[in-house]
There are 2 protein chains.
Amino acid sequence: MTGPMREPTFLILTALAPEPRYGYEIIREVAGLSGGRLKLRPGTLYGALDRLADAGLLERDREEVADGRLRRYYRLTEAGSVALTAEAERLDRNAAAARLGLDRRAARSAAGSTGRSGAGSAVGSAAASPRLAGGTA
Amino acid sequence: MTGPMREPTFLILTALAPEPRYGYEIIREVAGLSGGRLKLRPGTLYGALDRLADAGLLERDREEVADGRLRRYYRLTEAGSVALTAEAERLDRNAAAARLGLDRRAARSAAGSTGRSGAGSAVGSAAASPRLAGGTA
DNA sequence: CGATATATATCGGCAACTGGTAGGTTAGGC
DNA sequence: GCCTAACCTACCAGTTGCCGATATATATCG
């Protein structure tokens, strides 16, 4: 679990970044962070919590009983914080690369040569591509 | 294919954003964009190309024979461009959310209350979470 | 009581990817 | 000439995280 993580995993870690939270609260927090777009299923949440705990990115914090219901709190570990930071940087770099490519595309559209590029570019298409410094996702 | 895409898919679209490219060139471009981190396998590439074409995000551009080798060019469609733009924005929002959470975490660490938060925060943990305007990933 | 919300937990199936294999051509080195 | 690496497209079994669901329990409200 050092490679790219998918969005649910990422947002779970994000939800736990500021403070420990219990399962159901993570679900709500992730929904909020995603503007209602991502509704974590219990299967996804607890599967991810187990995986991330096994990988040392998070751990059990404490248990509490509130209104007759057990709440199991989790917290991000230092390794989890590091992984989340690295992942955020990866996202930034990927987004920047896409932006650059889209900008160049728009510039080409404005120049009138769109889509079917001329036959002359077949060999020349190995032109310098945006090479991002630290690597992207 | 309107939901979150994984990194290989995203970077394939990014490689095709500025101009049409053929399969092997996409592999090289993606490797460059990712700083050598992501080496697309043929299985991944052609599987994704088929999927993305089926979804209308890219299409066949042309074929060429160079040095006795067939090169099959692909180009991003307008829908693909739109999807890539949306995806880049999603990445930005996600990264920003993670940063915010990590900053709050660092602030808590500096305040001396780390990890095991006090018992008093059990009910108050529903405090206002960073609510990003347009929604995140 | 029934419906809804709040809470944790488990599981089968699926899609995208991983990690390969395959077939072919060309160029360079020995 | 032979071998290796690079250049090209194509196909496939296995893995993994997630989807979509089910289950159990408590609490509240009409």
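Brief remarks follow.
- Screening B:GLY56 on (1) surrounded by 15 or more Cβ atoms within 10 Å (Cβ to Cβ); (2) in contact (Cβ under 8 Å) with a residue 12 or more places away in the chain; (3) not in a helix (DSSP H, G or I) shows it passes everything except condition (1).
- A single entry from B:ALA133, B:ALA127, B:ALA98 fulfils the requirement of being modelled with pLDDT of 95 or more, within 26 Å of A:ARG37 (Cβ to Cβ) and small (Gly, Ala, Ser): B:ALA98.
- Taken together, the residues in region B:59-75 that are within 16 Å of DNA strand C (Cβ to nearest atom) and either crowded, with 16+ Cβ neighbours inside 10 Å or farther than 18 Å from B:ILE27 by Cβ (or both) amount to 4.
- Search result, residues across region A:57-75 that are within 11 Å of chain B (Cβ to nearest Cβ) and at positive phi: A:ASP67
- Residue within region B:61-75 that is in a helix (DSSP H, G or I) and either of a type in the set (A, V, I, L, M, F, W, C) or at pLDDT below 95 (or both) present: no
- Looking only at region A:1-18, and only at residues there that are more than 10 Å from chain B (Cβ to nearest Cβ) and either more than 11 Å from the chain's Cα centre (by Cα) or without any contact (Cβ under 8 Å) to a residue 12 or more places away in the chain (or both), the one that is surrounded by the most Cβ atoms within 10 Å (Cβ to Cβ): A:MET1
- When residues in region A:24-52 are screened for being surrounded by fewer than 16 Cβ atoms within 10 Å (Cβ to Cβ) and touching a residue at least 40 places away in the same chain (Cβ under 8 Å), 2 of them pass.
- Condition check for B:ARG21: at the interface with chain A (Cβ under 7 Å from one of its Cβ atoms) and within 12 Å of DNA strand C (Cβ to nearest atom): no
The values are calculated or read from the model by the stated rules, or taken from the named source; none is laboratory data. Note that this is a predicted model, so its numbers are computed, not measured. Neighbour counts run over all protein chains shown; Cβ positions are idealised from the backbone, glycine included.
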